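Student: Here it is, the structure in full.
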Amino acid sequence: MDNRPIGFFDSGLGGLTCISQLMKTLPMERILYFGDTARTPYGSKTPSTIKTFSTQIADFLVQMNVKMIVIACNTVSSTCLDDLQKRYPEIPVVGIIGPAAETVALTCKKGNSVGIIGTKVTIRSKAYEKFIRKLNPELSIHSTPCPTLVPLIEEGIIENEIMDLSIQYYLDHFLSYHKVDTLVLGCTHYPLIRANIEKLYPGLTIVNPSKEIVKSVQRVLTVQNLLAEGSSFDNTFYASDLSENFVNMINRIFERSEFRIAFKSFDLDTYK
Ligand code: DGL
């Protein structure tokens, strides 16, 4: 048993979609979240910049004595999961792409057409394809980047015509041309627009990696005897820019919970 917090991080608020899943499955766990809201989005940056930012944040989480690091970001997972695992051999570092890819590989069959959407970096890395093909080489897989969706979500433009039009701009042709029946939300921001996607394209099977990663977290904590015991622990959410949207989104997730929440602004440039 281990009551230290689990460290989560993302470029902004996307990783909060993993937190809401974690709260359902492992409500006794303490959370230490870092959203790099001052530098979001990561998805159009170079891999070397993403590695620098991610290492800075992960170092901070380790310094805060987390028992595990959860990379609640597909872009970071596709870029530097191995580097971060090597850098912190003493604690588990879990990426988001493996668990979701495994679910796709094990649940889809030869006749299915799988679509993957994500940031430019994630799509360019082909990380999902590589993972899925290892387990299920015959699946038909297609992918496309949707670069404007994250900035809109970070702005809180969700239940809105502009969001629907952006989704249609990226997905109308992609889904129909490839006859996609299973869509992987390959960016942790996208579960926040899942309702828009379901409304526009009813009948699609949606795979939510934010849910799949929590199953993996539970497995690792159980196997390594790191689960927390008791209840009602406090949670801390750091942001490099404590924006209104970030605070509002967290308050929405924790709306009816009894958990204590602290918000903290954190300037990574001052952290050495
Ligand atoms: N939410 C992140 C992901 O899963 C990153 C989005 C971004 O910053 O571009 O890829």
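The values are calculated or read from the model by the stated rules, or taken from the named source; none is laboratory data. Since the model is a prediction, treat every value here as computed from it, not as a measurement. Quick reminder, even Gly has a Cβ in these numbers, built from the backbone with ideal geometry, and neighbours come from all protein chains shown. SASA here: full protein model, heavy atoms, side chains in, ligands and nucleic acids out. Shrake-Rupley method; radii C 1.70, N 1.55, O 1.52, S 1.80 Å.
Student: With every protein chain left in place, what is the accessible area per residue of the chain in square angstrom, probe 1.4 Å? Intermediate values should be presented prior to the final figure.
Tutor: Numbers: 12220 Å² over 272 residues.
Result: 45 Å² of accessible area for each residue.
Student: So what is the relative contact order of segment 105-181, in percent, for Cα pairs below 8 Å that sit 6 or more residues apart?
Tutor: Details: 79 pairs, mean separation 29.8, N = 77.
Here the relative contact order equals 39 percent.
Student: Still on this structure: Given an 8 Å cut-off on Cα distances and at least 6 residues of separation, report the relative contact order of the chain as a percent. Can you show the working numbers first?
Tutor: On the way: 499 pairs, mean separation 74.7, N = 272.
Taking the mean separation of contacting Cα pairs over the length of the chain, I get 27 percent.
Student: Taking Cα pairs under 8 Å and at least six residues apart, what relative contact order does segment 167-244 come out at, in percent? All intermediate terms of the calculation are to be shown ahead of the outcome.
Tutor: On the way: 34 pairs, mean separation 20.2, N = 78.
The value is 26 percent.
Student: Right, another one. Show me, for segment 22-29, the HN-Hα J-couplings you get by feeding each phi into the Karplus relation (A = 6.51, B = -1.76, C = 1.60, θ = phi - 60°), rounded to Hz, glycine and proline as x.
Tutor: 4, 4, 6, 8, 10, x, 7, 6
Student: Can you send over the carbon and sulfur percentage of the accessible area for the chain, probe radius 1.4 Å, protein chains only? Could you put the intermediate results ahead of the total?
Tutor: Working: 6200 of 12220 Å².
About 51 percent, which is the carbon plus sulfur part of the accessible surface.
Student: Suppose every Lys and Arg Cβ carries +1 and every Asp and Glu Cβ carries -1, with no other charges. What dipole size does segment 122-202 come out with about its Cα centre, to the nearest 20 debye?
Tutor: Numbers: 8 positive and 10 negative charges, 115 e Å.
I would put it at about 560 debye.
Student: Also: Rounding to the nearest 20 debye, state how big the charge dipole of the chain is about its Cα centre with +1 on each Lys and Arg Cβ and -1 on each Asp and Glu Cβ. Working shown, then result.
Tutor: Details: 28 positive and 28 negative charges, 171 e Å.
Here the chain has a charge dipole of around 820 debye.
Student: Could you report the accessible area of R30 in Å², rounded to 10, computed with a 1.4 Å probe on the protein chains as they sit in the structure?
Tutor: We get 70 Å² for R30.
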